[in-house]
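Worksheet: the structure to be examined is printed underneath.
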Amino acid sequence: MKRFSLHSARRRARLYATGVVACAVVGTMALTASGPANAASVSTPGVTATSISLGATEPLTGVAANYNDIAPAMKAVFAWANAHGGVNGRQINLTIDDDQYTPSITATMTHQLVLQNNIFADVGSLGTPTQLQVQPYLNGLKVPQLFILSGCNCWSSSKYPYSSGLQTPYTVDGKILGSYVAKNFSGEKVGYFTQDDEFGFDAIKGLNMEIKGSSVVSKQTYVASTAAYVAGLQSQVAALQASGAKVVVLAAIPPFVGLFATTAATLGYTPQLVIDGVAGDPSAIGAPAALTTPAPNGQALLNGAITEAGGAFEDQTSNPWVRVATKLLTKYDSEVAKNGITGDELTGFNLGYLVYQALKAAGKNLTRQGLLNAIAADGKNFANSGFVPYSYSSTVHFGFEGEQLYKMSATATPITLPTGTFMGVTPVGPVYYTSPGAGPVKVWHSAQDKVPASLSSTA
Amino acid sequence: MTNSETGGLVVNEITVSFGGLTALDGVSLSVHAGEVVGVIGPNGAGKTTLFNIVCGFVRPESGTIVFNGKQLRRHQPHDLAKAGISRTLQGVGLWGGLTVVDNVMAGAQSTARADFASALFGLWRSSREESRIRQRALELLGELRIAEYANRYPLTLPYAIQKRTALARALMCEPNLILLDEPASGLSEAELQELGKLIIGLRDKMGVLLVEHHMDLVMSICDRLVVLNFGRVIASGSPAEVQANPDVTTAYLGQDIPTVDSPVANAGS
Amino acid sequence: MGELRKKAQGLAAKPWFRMPRQPMLRHLSYAAVAVVFLYFLTQKLSAFNDYEVGEIAFYVVALAGLTLLTGVNGQISLGHGGFMAVGGFTLALLVEHTKWNVVPELAIAIVTSALVGALIGIPATRLRGPYLAGMTLMVALGLPYLTNQYDSFFGGDQGLTTPQPIGPASINPEQWLAWIQLACALIVLILLGNLLRSRFGRSFRAVRDDEIAASLAGIHVARTKVIAFMVSAGCAGLAGALLALSAGGVNSAEFPLSISIYLLAGMVIGGTGSLMGVWWGAILIVYLPTSWAPSLANHFHVNSQVSANLAVIIFGLVLVVGMLVAPGGIQGALRWVAVRVGAYFSPDGVPNMKLSLQEAPTDRAVHDSESVTQADKPGV
Ligand SMILES: Nc1ncnc2c1ncn2[C@@H]1O[C@H](COP(=O)(O)OP(=O)(O)OP(=O)(O)O)[C@@H](O)[C@H]1O
Ligand SMILES: [Mg+2]
């Protein structure tokens, strides 16, 4: 009995000893993981006499990896700026961290950017769930979280003044499409096909402000997952068909718009499609092989579909912004040099150039609050490729709040995709703008900004 | 030390069926303190079911169970130990993840008083009780002469040791009645004899209800026998009476019923 | 060598110190050592590393709870992310509506999630294996979804803010937070250690191994399972609240299904049922997806779709290979080595070696297929 207890005690001691070893390993690993943080500058974190450090978390890999060409394009703009003296004499250093579109990883990466990379601001990070995850943290430390690539209404909130979005709010998208539907298809039965998350919810908010509730006969949703894509949309499309909807508004990401079109075609359902700006780029919709020529393809139904976009498409090579972006990125972004420019890279270019202008406007004496003040004061004058001005103000923290409507058309110049060709688009009507709130949808009369000479001469 | 004559288990006219199969049909029997009662019968006769009824795993369609003058109705298996009834299982039913001594200690669950908070915060109230139970379990293991295995994990041990561990666990709650379901299965002749002595030893402290196929053992240690066949009691009485009953011979068609005078003592022959 | 061995044997025969036998005292003395160590560790580390240590600490809390439920009590849970959400949102709501100190807020987060755990645990007592997994999966998916349905209360997609607690000015906030989280982890380990050394721990294991035998021994099987569920959910709730403090806020996307799955994998890899093994699991959960897998992917230039899933792939591989090579997880493997070394130096040469080796497979993850057949067999 004595022997028993002795052995058992010793065994337990061993057991716990290994526990202590575990602790030791945590320690050494953490120690070796990285050295201590750089000493923060006394004045403004991330800003020295000669440099500004910025950070971004992006889905470089994972489910949203198709967006992984945006941030490098932004970085290329900074490379261009640095090659031409930087901003106010400071070089811009951008650290891009991969968050795999996973909120918990975004949290860790953002902490790393703030605590270890000692960033001045987080700019152009992508994703609604991912950026929501770090919004309180960044705001708590008063680290600007600017130009977020997401159209969630949540970026403009008095609770989090250091955040601001870049993409047109989904509610604005919805309102503009809704007003078009109300005007051009009045009296028709309307169906919704939306993504079952904030994107869809916000879009419906906007649609409902414009479209009479009584004319909406069916609301179908889908979950944005690989599994749902594989499972198909038969039931949703069939339900819309059964409801007799003659117009279907889609707030969906490009692959699901394509899948919707092919599914409807096989079921013999031919409603008028009205597609949210998230899938406004026809090259993204047309990407699946099923949609490109040579047929059999789902193009027939998409022919005549209404879409919307906030700026020029990359294949509109006569557009001066597309030209200057292509020129600059070909020089500073190896990916563009190799494969030509994409819509995302155009977005990244626009983003980078906005950040550049914001930093410049904030002046030599750079502080975080100073940056926000400068954008609020000057933002509407920042030159960019959007159809409407950058709309950030001290109260509204959105980027763009306008869209140009397009019609997909078999007679428009087709676009070439890796899988084949897909129909192009022609503009429909004027540019519209509105706020996510109750206001009306208005026509924007001014033309697109001119490319500043300072940019076109150096790009 | 022993219970009064009125004490013990009285099973009265129990009937139970599973689907169409009547597993027990008006079965009655009683076990008093200080008595070893054997239940025998061919496979599927309903012996284990009878145990399950007593333990509350199976509810009878009719009939009553009275223990120490109190009727057991809607009782749950976990109430049993507290009531003073213990049972070993037809396999061994030991917990492979607990050491032998822990297995046995768990048998004292019904007497443990330490509450959740004192266990969580490791208060003396809990740890003292633990030492007490451990001491008691080790003593019991000593009595059953398997103390040296206290710290081993049971499923790697010889079957006989496992069986004893299970018995020790059943004895931890100091029952008035113990139900043994085939305690001899898988034991060697020598082990069988030891078991016989052990069970006879239990008689001083409690009543024993024994289900067993080993006729040698049953005949030699039981005070009374109840014979089940197709869920009915076809005979009962002293081993000698049962053996003389022609119905029993029919039930065990083709099976020799051993004679009474081949007790455990000369089971080796 | 022989000299050393003799010396060591002498020491072992007559230990120069002995840990207290009383569980609380013993566990406190281990904790005291850990406190000293962790204090110096966090002092040395950079702010970001302190933040990571804090993350490890709250995953330790969650894993300790899960290992109690799944490893020790045999109930599988894919829903621990959901319980973490309950804890996180409870804390956030308290922060929003009260001006209390973080300690009572954490305590209430524990209680709330334990109560939700009871709600789930009561019907769960009737379920096993895939059915239990399915039901707990609903928790992981459903609870965060609920917060979206009542968005005025739970802050909608934006969620609620949980500011990082600020300590004395001389201590940087990350270090302060890491201390809070480490303190919670140590307290949880001490308390669960006590519990497992008590009759409750014995009951948890007994119920896992054989419910019928447990009930015959006087163990209230359903109650025991519900208690395990509550304790486990309480731990998950605490972990969720601590995660919220790290993140600075809570929202429905913060507790995705992948957390629940990482927890399960982390628990198995660390060593199912082992309270100390949870450290390994927590380290893996923190470093694999954010640090190790990306650097591996970088090093081998794997394609982007593979690299994002690399952490999951590695988790899966380690899980499968680990189960084959070291069923006791990392902690089990370490123990195996420790026992061999210990046996070499012990007074009687090779005592207990076999004995201690048996420890490894005792706390198994999910062996319910076995218990199903046992429980459903008519002639028990
Ligand atoms: N839960 C149950 N559901 C259905 N049938 C059952 C159940 N329990 C027992 N039975 C049936 O009842 C009959 C009696 O079974 P029981 O296990 O009591 O027999 P036994 O006398 O213990 O047999 P053995 O000697 O093989 O242990 C058998 O036909 C058995 O199949
Ligand atoms: Mg039987």
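Seen from a random direction on average, the alpha-carbon convex hull of region C:188-253 projects onto 5.7 square nanometres. Stokes-Einstein diffusion for the protein assembly as shown at 4 °C, viscosity 1.567 mPa s, with a Kirkwood radius from C-alpha pairs, works out to 39 µm²/s. Residues of region C:250-296 that lose at least 20 Å² of accessible area (1.4 Å probe, protein heavy atoms only) when the other protein chains are present, relative to their chain alone, are C:N251, C:A253, C:E254, C:M276, C:W279, C:W280, C:I283, C:Y287, C:P289, C:T290, C:W292.
Once the convex hull of the C-alpha atoms of chain A is built, how many Å³ does it hold per residue, rounded to a whole number?
So the per-residue hull volume is 197 Å³.
Nearest 20 debye, what's the magnitude of the dipole of chain C about its Cα centre given +1 on Lys and Arg Cβ and -1 on Asp and Glu Cβ? Let's see the in-between values first.
On the way: 23 positive and 19 negative charges, 334 e Å.
With Lys and Arg at +1 and Asp and Glu at -1, about 1600 debye.
For the chain pair C and B, buried accessible area totals roughly 3400 Å², probe 1.4 Å, rounded to the nearest 100.
Computed over protein heavy atoms with a 1.4 angstrom probe, the accessible surface ordering of B:R59, C:R21, C:R199, largest first, is C:R21, B:R59, C:R199.
Averaged over its residues, chain C has an accessible area of 39 Å² per residue, based on protein heavy atoms and a 1.4 Å probe. Using the Karplus relation 6.51 cos²θ - 1.76 cosθ + 1.60 with θ = phi - 60°, the per-residue 3J(HN,Hα) values for region A:150-156 come to 6, x, 5, 5, 5, 7, 10 Hz, with x marking Gly and Pro. For region B:13-94, the normalised intensity computed at q = 0.15 Å⁻¹ comes to -0.57 (log10 of I(q)/I(0), Debye sum over alpha carbons, equal scatterers, no solvent). Mean projected area of the convex hull spanned by the Cα atoms of region A:85-241, taken over all viewing directions: 12.5 nm². In this view, the solvent-accessible surface of C:H80, computed with a 1.4 Å probe and all protein chains in place, comes to about 0 Å². For region C:2-374, the share of accessible area belonging to carbon and sulfur comes to 70 percent (1.4 Å probe, ligands and nucleic acids excluded). In a fully extended conformation the segment linking B:R73 and B:E61 would gain 3.2 nm over its present Cα-Cα distance, using 0.36 nm per residue. Computed across region B:186-239, the Kirkwood hydrodynamic radius from all distinct Cα-Cα pairs reaches 12.2 Å. Legend: P(r) of chain B from all alpha carbon pair distances, 10 Å bins from 0, whole percents, reading 7, 28, 35, 22, 7, 2, 0. Contact-buried residues of region B:88-129, at a threshold of 40 Å² lost accessible area versus the chain by itself: B:L89, B:W95, B:G97, B:L98, B:Q109, B:F116, B:A119, B:L120, B:F121, B:G122, B:W124 (1.4 Å probe; DNA, RNA and ligands ignored).
What's the center-to-center distance, using Cα atoms, between region C:119-191 and region C:38-75 in Å? Answer, in whole Å: 14. In region A:54-72, burial by the other protein chains removes 40 Å² or more of accessible area from A:T61, A:G62, compared with the chain on its own (1.4 Å probe, ligands and nucleic acids ignored).
Among the protein heavy atoms of region B:84-176, carbon and sulfur supply 52% of the accessible surface, probe 1.4 Å, non-protein parts ignored. Of the trypsin sites (Lys or Arg not before Pro) found in region A:407-459, the ones in coil according to DSSP and having at most 13 other Cβ atoms within 10 Å of their Cβ are A:K450. Using all pairs of distinct alpha-carbon atoms, the Kirkwood hydrodynamic radius of region B:84-176 works out to 13.5 angstrom. Of the trypsin sites (Lys or Arg not before Pro) in region A:244-338, the ones in a loop by DSSP (not H, G, I, E or B) with at most 16 other beta carbons within 10 Å are A:K246.
Separation of region B:45-74 from region C:79-97 is 47 Å, based on Cα centroids.
A P(r) calculated from all alpha carbon pairs of region A:359-411, with 10 Å bins opening at zero, reads 23, 40, 20, 10, 6, 1 percent.
Computed over protein heavy atoms with a 1.4 Å probe, the accessible surface of region B:84-176 works out to 36 Å² per residue.
Placing unit charges on the Cβ atoms only, positive for Lys and Arg and negative for Asp and Glu, gives chain A a dipole magnitude near 1420 debye about its Cα centre.
When +1 charges are put on Lys and Arg Cβ atoms and -1 charges on Asp and Glu Cβ atoms, the dipole computed for region B:84-176 relative to its Cα centre reaches about 80 debye. For region B:106-115, 3J(HN,Hα) computed residue by residue from phi via the Karplus equation (6.51, -1.76, 1.60; θ = phi - 60°) reads 4, x, 8, 3, 5, 9, 6, 10, 4, 8 Hz, glycine and proline entered as x.
With all protein chains in place and a 1.4 Å probe, the accessible surface of region A:362-459 carries 59 percent carbon and sulfur. In summary, the convex hull built on the alpha carbon positions of region A:78-144 has an orientation-averaged projected area of 4.8 nm².
Distances between placed amide hydrogens fall under 5 Å for A:V87 paired with A:I92, all partners being 5 or more residues away or on another chain. In this structure the amide hydrogen of A:D97, modeled in the peptide plane, comes within under 5 Å of the amide hydrogens of A:A56, A:T57, A:E58, none closer than 5 places in sequence on its chain. Per-residue 3J(HN,Hα) values for region B:193-203, derived from phi via the Karplus relation 6.51 cos²θ - 1.76 cosθ + 1.60 with θ = phi - 60°, read 4, 4, 4, x, 5, 4, 5, 4, x, 5, 3 Hz in sequence order (x marks Gly and Pro). The H on the amide N of B:V58, modeled in the peptide plane, is under 5 Å from the matching H of B:I53, each at least 5 residues off or on a different chain. Remark on region A:178-226: hydrodynamic radius 11.3 angstrom, per the Kirkwood mean of 1/r across alpha carbon pairs.
For region B:24-102, which trypsin sites (Lys or Arg not before Pro) are both in a DSSP coil and crowded by at most 13 other Cβ atoms within 10 Å? Don't skip to the end; give the middle numbers.
Working: sites: B:K47, B:K70, B:R73, B:R74, B:K82, B:R87; in loops: B:R73, B:R74.
Hits after loop and neighbour filter: B:R73, B:R74.
Annotation for the A:C interface, with buried accessible surface near 5200 Å², both sides summed [1.4 Å probe; non-protein components not counted]. Taken over chain C, the percentage of Cα pairs per 20 Å bin, counting from 0 up to the bin with the maximum distance, is 26, 56, 17, 1.
How big is the antiparallel share of DSSP beta bridges in chain A, given as a percent to the nearest 5? So the antiparallel bridges in chain A amount to around 40 percent. Averaging Cα coordinates gives a centre for region A:114-182 and one for region A:207-269; these two points are 28 Å apart.
The values are calculated or read from the model by the stated rules, or taken from the named source; none is laboratory data. Being a predicted model, the structure only gives us computed values, none of them experimental. Cβ atoms come from the backbone with ideal geometry, glycine included; neighbour counts cover every protein chain shown. Surface accessibility is based on the protein's heavy atoms, side chains included, excluding ligands, DNA and RNA. Shrake-Rupley method; radii C 1.70, N 1.55, O 1.52, S 1.80 Å.
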